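Structure incoming, see below.
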Amino acid sequence: MRVTISSIVDKKKKNEKITMLTAYDYSFASIVDSAGIDIILVGDSLANVILGMESTTEISLDEMINHSRAVVNGSARGLVVGDMPYCAYQEENSQPLKSAQRFVSEAGCQAVKLEWFDRAIEVTEEIIKSGIPVMGHIGFTPQTADKLGGSVVQGKDLDTAKTLIEQAVLLEKAGCFSIVLECVPWQIAKLITEKISIPTIGIGAGSYCDGQVLVLNDLLGLFRKFRPKFVRKYADVFDASVEAIKNFISDVENGAFPSADESFSVNEEEFSRFKDKLDV
Ligand code: KIV
């Protein structure tokens, strides 16, 4: 059985930490799920770490839906949250509710995540009213990074700290079941976490959040283009993969792969009966 929205909210009440990681395909979803993660986020960071795009705003709704379906197929336990791409709810003439419904009906997600923007509350309320749980996202919001005044860390002065606290309160009122705090000073993240009753999930927001999220490809050392300060690399899967592939290349080149055990064979008696009839 999958982790439920209410069990995530209960974790905060019980003072238990919530764990969340991204995944973008069947294989990695099954790895993350086997490890026992609470929430699997199909983040729009897919644009950067899987599709090699410069900005998350480039990714399409269809791409997000396809990858979300793969993640749902690869997991059985974790709560799967689909990240709404920019084009699905912030672009002019987008249809936020229809987009959110596709994450549930086509991909099988249990919830969606929306980054803060000027109509975040209106859109969040509309989606929640339809019965789809929403995770909010404040602080550094990559989809609208150009509007954040050039600084990645948000909430370092009175005005921006006040704004973050107001946004968190509004999202809780709108019915969100949790909020991602990205690149927020730990003191402000702590205040927000203490003020609201829904869980905060931090990324670059210090240890007082109710939970933590990282991009899986950062944690595994798979993504090398840039590495934010808040990333802890738990493995070097890039180097391990290069090593494995080098071994494959060398085994093929020197004839060590494949072995007889890794090959199919035909019964020798049978083969001798038809061998001469083969036109070779
Ligand atoms: O897209 C993503 O991976 C995210 C996380 C950084 C929270 O939104």
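The values are calculated or read from the model by the stated rules, or taken from the named source; none is laboratory data. The structure displayed is predicted, hence computed values, not measured ones. Note that we place each Cβ from the backbone using ideal geometry, even for glycine, and neighbour counts take in every protein chain shown. To get the accessible areas, we keep the full protein, side chains included, count just its heavy atoms, and leave off ligands, DNA and RNA. Shrake-Rupley method; radii C 1.70, N 1.55, O 1.52, S 1.80 Å.
Any idea how many residues of segment 11-35 are open to solvent by less than 30 Å² (accessible area, probe 1.4 Å) and either assigned to a loop (DSSP other than H, G, I, E, B) or without any contact (Cβ under 8 Å) to a residue 60 or more places away in the chain (or both)? Steps first, answer last, please.
We begin by selecting, within segment 11-35, every residue open to solvent by less than 30 Å² (accessible area, probe 1.4 Å); these are 18, 20-24, 29, 32-33.
Restricting the remaining residues to those that are either assigned to a loop (DSSP other than H, G, I, E, B) or without any contact (Cβ under 8 Å) to a residue 60 or more places away in the chain (or both) gives 23-24, 29, 33.
Number satisfying all stated conditions: 4.
For segment 191-280, give me every one of the helices (runs of 4 or more DSSP H) that falls completely inside it and has 3 or more residues that are out of contact with any strand residue (DSSP E or B) (no Cβ under 6 Å at 6 or more places or on another chain) and not charged (D, E, K, R). Please lay out each step first, then the result.
Numbers: elements: 216-219, 237-253, 268-275.
Fully inside segment 191-280 and qualifying: 237-253, 268-275.
Let me ask another. Specify which of the listed residues (Val184, Val152) is within 14 Å of the ligand (Cβ to nearest atom), surrounded by fewer than 17 Cβ atoms within 10 Å (Cβ to Cβ) and assigned to a loop (DSSP other than H, G, I, E, B). It would help to see each step written out before you state the result.
Working: Val184 fails: surrounded by fewer than 17 Cβ atoms within 10 Å (Cβ to Cβ).
Unique residue meeting the criteria: Val152.
So which residues in segment 124-149 are open to solvent by less than 50 Å² (accessible area, probe 1.4 Å), part of a helix (DSSP H, G or I) and not β-branched (Val, Ile, Thr), if there are any at all?
Pro142, Gln143, Ala145
Let me ask something else about it. How many of the residues making up segment 206-231 are without any contact (Cβ under 8 Å) to a residue 24 or more places away in the chain, open to solvent by 60 Å² or more (accessible area, probe 1.4 Å) and more than 14 Å from the ligand (Cβ to nearest atom)?
Number of matching residues: 3.
Suppose the filter is open to solvent by 10 Å² or more (accessible area, probe 1.4 Å), within 16 Å of the ligand (Cβ to nearest atom) and of a type in the set (A, V, I, L, M); does Val80 pass it?
Working: open to solvent by 10 Å² or more (accessible area, probe 1.4 Å): no; within 16 Å of the ligand (Cβ to nearest atom): yes; of a type in the set (A, V, I, L, M): yes.
Taking the combined requirement at face value, the residue does not satisfy it.
Quick one: count up the residues across segment 18-37 that are within 16 Å of the ligand (Cβ to nearest atom) and either in contact with a strand residue (DSSP E or B) (Cβ under 7 Å, 6 or more places away or on another chain) or polar (S, T, N, Q) (or both).
Within segment 18-37, the first condition is being within 16 Å of the ligand (Cβ to nearest atom), and the residues that meet it are 18-25, 28-29, 32, 37.
With either in contact with a strand residue (DSSP E or B) (Cβ under 7 Å, 6 or more places away or on another chain) or polar (S, T, N, Q) (or both) added as a condition, the list becomes 18-24, 29, 32, 37.
Looking only at that region, the number is 10.
Is there a residue being in a helix (DSSP H, G or I), surrounded by 20 or more Cβ atoms within 10 Å (Cβ to Cβ) and of a type outside the set (S, T, N, Q) anywhere in segment 44-52? Give the derivation first.
Initial filter on segment 44-52 (in a helix (DSSP H, G or I)): 46-49.
With the extra rule that they be surrounded by 20 or more Cβ atoms within 10 Å (Cβ to Cβ), the set shrinks to 46-48.
Narrowing further to those that are of a type outside the set (S, T, N, Q): 46-47.
Scanning segment 44-52 turns up at least one residue that is in a helix (DSSP H, G or I), surrounded by 20 or more Cβ atoms within 10 Å (Cβ to Cβ) and of a type outside the set (S, T, N, Q).
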